[in-house]
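Reading through the structure tokens given below for one structure.
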Amino acid sequence: MDEVDQKIVRELQLNAKISMKDLAEIVHLSSPAVIERVRKLEEQLIIEGYHAHVSLKKMNRSISAIVLFKTTNCKALVNFCDNHPDVLECYRVAGEISYIVKIATQSVESLEQFIDASMQYGIPSTNIVLSSHEKQIIEPVIGRETDTK
């Protein structure tokens, strides 16, 4: 990725609905040139998709929690998470715990129901999120070898 591609990716992260004309003005290229660069970034899977960022609160999910699991019943836990409507993310991790699960739910009562239902798959340890910060822009790492020969 050259500097122009980096600028394009940055702008699309800020506003995925930006017109190609406006994007072209920002990066000082013609619209056809920007369209071609965006197409190549998509083909290379640097841009994997375009998504709407929704408000969890307005989706009636004001309680967020990070649940840590110790388990040896990995497939069953992953299946449970895949099928549970409150689960946003599920990470298998190395270390003392096996999984980190991020959930968003409507109440402390529904959080308790999630915890109770999940106990058959492992030992949960629940952390309620008080506040969070999510990076809006992911910058490429420049100058590091990414190929593991």
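In the range 10-98, which helices (runs of 4 or more DSSP H) lie fully inside it and hold 2 or more residues that are under 16 Å from PRO124 (Cβ atoms)? Can you show your working first?
Numbers: elements: 20-27, 31-43, 74-83.
Output list reads 74-83.
Only residues that are open to solvent by 40 Å² or more (accessible area, probe 1.4 Å) and aliphatic (A, V, I, L, M): list them for the range 13-31, please.
Across the range 13-31, the qualifying residues are LEU14, ALA16, MET20, ILE26, LEU29.
How many residues does the range 114-149 contain that are among the hydroxyl-bearing types (Ser, Thr, Tyr), open to solvent by 40 Å² or more (accessible area, probe 1.4 Å) and modelled with pLDDT of 85 or more? Give the derivation first.
Of all residues in the range 114-149, those among the hydroxyl-bearing types (Ser, Thr, Tyr) come to 118, 121, 125-126, 131-132, 146, 148.
Narrowing the set further to residues that are open to solvent by 40 Å² or more (accessible area, probe 1.4 Å) leaves 121, 125-126, 131-132, 146, 148.
Checking the rest, the ones that are also modelled with pLDDT of 85 or more come to 121, 125-126, 131-132.
Total meeting the criteria: 5.
Which of the following residues is open to solvent by 70 Å² or more (accessible area, probe 1.4 Å) and not hydroxyl-bearing (Ser, Thr, Tyr): ARG37, ARG10, ARG61? Walk me through how you get there before you give the answer.
Numbers: ARG37 fails: open to solvent by 70 Å² or more (accessible area, probe 1.4 Å); ARG61 fails: open to solvent by 70 Å² or more (accessible area, probe 1.4 Å).
ARG10 is the lone residue from the list that is open to solvent by 70 Å² or more (accessible area, probe 1.4 Å) and not hydroxyl-bearing (Ser, Thr, Tyr).
This table checks each residue for (1) free of Cβ contacts under 8 Å to residues at least 60 places away in the same chain; (2) open to solvent by 50 Å² or more (accessible area, probe 1.4 Å); (3) in contact with a strand residue (DSSP E or B) (Cβ under 8 Å, 6 or more places away or on another chain).
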site: ALA76; (1), (2), (3): yes, no, no
site: ASN79; (1), (2), (3): yes, yes, no
site: VAL101; (1), (2), (3): yes, no, yes
site: ALA104; (1), (2), (3): yes, no, yes
site: GLU112; (1), (2), (3): yes, yes, no
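From the set of residues in the range 48-83 that are among the polar types (S, T, N, Q) and more than 13 Å from PHE114 (Cβ to Cβ), which is modelled with the lowest pLDDT?
Ranking the qualifying residues of the range 48-83, first place goes to SER55.
The values are calculated or read from the model by the stated rules, or taken from the named source; none is laboratory data. Being a predicted model, the structure only gives us computed values, none of them experimental. A quick note on method: Cβ atoms are made from the backbone with ideal geometry, for glycine too, and the neighbour counts reach across all protein chains shown. Accessible surface areas use protein heavy atoms only, side chains included; no ligands, DNA or RNA. Shrake-Rupley method; radii C 1.70, N 1.55, O 1.52, S 1.80 Å.
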